[in-house]
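S.K.: This is the structure, below, for whatever I ask next.
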Amino acid sequence: DKYDILNKGSISSFVLKVQGTCKNLIHAYSGMRHNEVLSLRNNCIEKLDSYTRLIGVTSKLEGKLVDSKWVTTKDIERVINLLRSINQLVASRFNLDINQLPLFIRSSFLSPKKKFNKSIYEHTLISNKNYLPLNNSIKIKENDICELEYIEYDRDWRNDESFKVGVEWTFKSHQYRRSLSVYALNSSLVSIGSLQKQFKHLFKDMTYYYSNGAENAKKLFNIHDDHIA
């Protein structure tokens, strides 16, 4: 009832929402781009003694697809395992090696009527903006506008139709990169060079651009030492 799963047909759309929620978490805890997240495979976790890394590919550094790694939190392993559990159903059904499949597999292959074809090796085309975490919407409040004005004081937020109080925030996954950049530099614990490497930027100027307004952002207080923040 909670997620409107009323029949077999509802399951595929529900799985897509779960995948979208997982995708948001990966963005939030890595700063990866949309296509970089979709490049992940089922064996994308690299666990080290003090931190965890995600293994994928990027095209932004050399103009072609190259293997790359992103530092993340150990808690993201739960997210990867959830996606793997979905993919294991498909791998078992078609007798495939799960590591041959993309992490974000097409949910349509869960249907008993779906036949095997090569598109099973292609990631699902999850929208870049339509999958917020389950049962969650972001309505803009007055204090949100005030915070925007404080961070970027030279922008006319109140006369922008996309940012009126009461309307839903137009959210895109790229905003995770902006937030990560702002709060990482605001903390004074992360160097611009480290952030540049995490974001796969060719030039520090681009990383500085992402971090614009960091000195005015709210500080993140009262966070447990084990939290990735």
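The values are calculated or read from the model by the stated rules, or taken from the named source; none is laboratory data. This is a predicted model, so every value here is computed, not measured. Cβ: placed from backbone, ideal geometry, glycine included. Neighbour counts: every protein chain shown. Please note that ligands, DNA and RNA were not included when accessible areas were found on the heavy atoms of the full protein model with its side chains. Shrake-Rupley method; radii C 1.70, N 1.55, O 1.52, S 1.80 Å.
S.K.: Does anyone have the angle between helix 8-28 and the longest principal axis of the chain? Alpha-carbon axes, 0 to 90°, nearest 10?
M.R.: Once rounded, the angle reads 40 degrees.
S.K.: How far is helix 76-93 tilted off the main Cα axis of the chain, in degrees rounded to 10, range 0 to 90?
M.R.: Between helix and principal axis, roughly 20 degrees.
S.K.: Under unit Cβ charges (Lys, Arg +1; Asp, Glu -1), what dipole magnitude, rounded to 20 debye, does segment 40-100 have relative to its Cα centre?
M.R.: Working: 10 positive and 7 negative charges, 27 e Å.
So the dipole magnitude of segment 40-100 works out to roughly 120 debye.
S.K.: At a 1.4 Å probe, what is the % contribution of carbon and sulfur to the accessible area of the chain?
M.R.: Here carbon and sulfur together make up 52 percent of the probe-accessible area.
S.K.: Moving on to the next point. With all protein chains present and a 1.4 Å probe, how do Tyr51, Tyr209 order by accessible area, largest first?
M.R.: Tyr209, Tyr51
S.K.: Please list, by residue number, every one of the GluC sites (Glu not before Pro) in segment 5-71 that is coil in DSSP and has at most 14 other beta-carbon atoms within 10 Å.
M.R.: Values: sites: Glu36, Glu46, Glu62; in loops: Glu62.
Of the GluC sites (Glu not before Pro), the ones in loops of segment 5-71 whose Cβ has at most 14 other Cβ atoms within 10 Å are Glu62.
S.K.: So with the 1.4 Å probe, I'd like the accessible area per residue for the chain, rounded to whole Å².
M.R.: 61 Å²
S.K.: For Met32, Met206, give the ranking by accessible area with the largest first, probe 1.4 Å.
M.R.: Order by accessible area, largest first: Met206, Met32.
S.K.: If the cut-off is a Cα-Cα distance under 25 Å, which lysines reach Lys47, setting aside same-chain residues fewer than 8 apart in sequence?
M.R.: Lys23, Lys60, Lys69, Lys74, Lys197, Lys200
S.K.: So which trypsin sites (Lys or Arg not before Pro) in segment 156-229 are both in a DSSP loop and have at most 16 other Cβ atoms within 10 Å of their Cβ?
M.R.: Within segment 156-229, the qualifying trypsin sites (Lys or Arg not before Pro) (loop, at most 16 other Cβ atoms within 10 Å) are Arg158, Lys164, Lys172, Lys218, Lys219.
S.K.: Sticking with this one: Take the Cα radius of gyration of the chain and divide it by 2.2 N^0.38 Å, with N its residue count; two decimals is plenty.
M.R.: My calculation over the Cα atoms of the chain gives 1.12.
S.K.: Applying 1/(1 + (r/R0)^6) with R0 = 45 Å to the Cβ-Cβ distance of Glu142 and Phe94, what FRET efficiency is obtained, to the nearest 0.05? Could the numbers behind the result be given before it?
M.R.: Numbers: r = 52 Å, r/R0 = 1.16.
The formula returns an efficiency of 0.30 here.
S.K.: Where in segment 32-72 is the amide nitrogen less than 18 Å from a point lying 7 Å along the Cα-to-Cβ axis of Ser191?
M.R.: Hits in segment 32-72 for Ser191 at 18 Å: 71.
S.K.: Next question. Below 12 angstrom from the Cβ of Glu142, what's the summed charge of the other residues (Lys, Arg +1; Asp, Glu -1)?
M.R.: Result for the local shell: +1.
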